[in-house]
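Take a look at the structure below.
The values are calculated or read from the model by the stated rules, or taken from the named source; none is laboratory data. The model shown is predicted, which means the values in this text are computed figures rather than measured ones. Note that we place each Cβ from the backbone using ideal geometry, even for glycine, and neighbour counts take in every protein chain shown. The area values use the complete protein model at the heavy-atom level, side chains included, leaving out ligands, DNA and RNA. Shrake-Rupley method; radii C 1.70, N 1.55, O 1.52, S 1.80 Å.
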Amino acid sequence: MSFKQKYLEYNNGSGGLPDGAFRISASQFNGFMSYPHSWYREQVLKEEGFKGNTASVLGTIVHGVAAAFVNGDEIDKQAIHDYAHEQAIGNIDVDPHEILSQYPLMVETLVNQYIMQNRPTQVEPFVKYEIIPGHFPSGSIDAIQNDMIIDYKTFNALGGTDEKPIIKSAPKTIPMNYKYQLLIYAYIMNKNGHNIERVRLVYVNRAVDTRRPGKLKADGTPGKELGRYQAPEVTVLTEGVSQDDLDFIESVLLLCAETHQMVVEKPNLAYLLYRDYRLKDQ
């Protein structure tokens, strides 16, 4: 298996689920909760949706290199270079030069500031659980460390405008869109007999350089430099997993699965269940 196949291509569970099974992706679940009409079109009707951008491709590469490091595999820089440029073909939202300039220092920071002190016991396992017949919440977990699920996220700290750039801080608590994903993994693992008591989000931000010359003084000498440089750094957010959390995530997973099952049986109700009147005549 090539480096690209092992570490850069997304494992969508192909071959790991029964024929005809409906997969409920943990990483896409926020779409069902927040944008059910879009989720239905992409996950059920298989219409083309998000095609990737600089952030998503950079995230894939950082995840992949981190997993390869833990596994002791050689990092194939040429495969990474080729992958970044392949993802940019026909997609103006992907900047391969930004990706290739950012990922080495981001990975180095993630490894040195976090992974070396927190070695996972598993990396990238694909997990699944049949919540009702034929419906499987599932996904690939970035890392597991004993009783804790870990997910790595890249973060763009640059905000503001070109005229007035600002450097943003990473979130202080786990955002709900990512909390769904982490709790689904915890739920699946617990259902499969593994005790998961904590979930953790590990952010690593891009390097940001907002430095620029200040205005010239009256005597012609340069003024004070404006802006600053922010190197990549790691932000770790950890939360416990309670029985209430597991009961909650089970309830919304059942809602998702039974909604899909209902639409299969009564497709004329899709527009009501997924809150999009445009679906009524389809």
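Quick notes on this structure:
- Of 164/217; 6/168; 172/215; 51/77; 46/172, pairs whose Cα-Cα distance is over 26 Å: 6/168; 172/215; 46/172
- Partners of residue 191 within straight-line reach, counting lysines whose Cα lies under 20 Å from its Cα and excluding those fewer than 8 residues away in the same chain: 128, 179.
- Separation of region 94-170 and region 1-75, taken as the distance between their Cα centroids, equals 12 angstrom.
- Computed in the context of the full set of protein chains, the accessible area of the chain at 1.4 Å probe radius has 49% of its extent on carbon or sulfur.
- Distance cut-off 36 Å, percentage of C-alpha pairs in the chain lying past it: 23 percent
- Among the protein heavy atoms, those of residue 196 account for about 10 Å² of accessible surface (1.4 Å probe, every chain in place).
- Surface analysis of the chain yields an accessible area of 54 Å² per residue, using protein heavy atoms and a 1.4 Å probe.
- Relative intensity of region 56-140 on a log10 scale, I(q)/I(0) at q = 0.16, 0.19, 0.21 Å⁻¹, equals -0.74, -0.90, -0.99, per a Debye sum over C-alpha point scatterers of equal strength in the absence of solvent.
- Relative contact order of region 1-153, pairs being alpha-carbon contacts under 8 Å that are 6 or more residues apart, as %: 30 percent
- Three-way shape call for region 184-282 based on the alpha-carbon gyration tensor, with the a/c threshold at 1.5: oblate
- Summary value for the chain: 19 percent relative contact order, contacts being C-alpha pairs under 8 angstrom separated by 6+ residues.
- When you restrict to C-alpha pairs under 8 Å that are six or more residues apart and normalise by the size of region 92-188, the relative contact order lands at 20 percent.
- Principal-axis tilt of helix 54-71 within the chain, Cα atoms, nearest 10 degrees: 80 degrees
- For region 1-157: rounded, prolate or oblate by the Cα gyration tensor [a/c cutoff 1.5]: oblate
- Helices in the chain, meaning DSSP H runs of at least 4 residues, each add -39500 (n - 2.57). Divided by all residues, the mean residue ellipticity at 222 nm is -11500 deg cm²/dmol.
- Prolate/oblate/rounded call for region 1-89, Cα gyration tensor, a/c under 1.5 rounded: prolate
- Placing +1 on the Cβ of every Lys and Arg and -1 on the Cβ of every Asp and Glu, with nothing else charged, gives region 154-226 a dipole about its Cα centre of roughly 140 debye.
- Eligible aspartates and glutamates near residue 266 by straight Cα distance, threshold 18 Å, same-chain separation 8 or greater: 258, 276, 281
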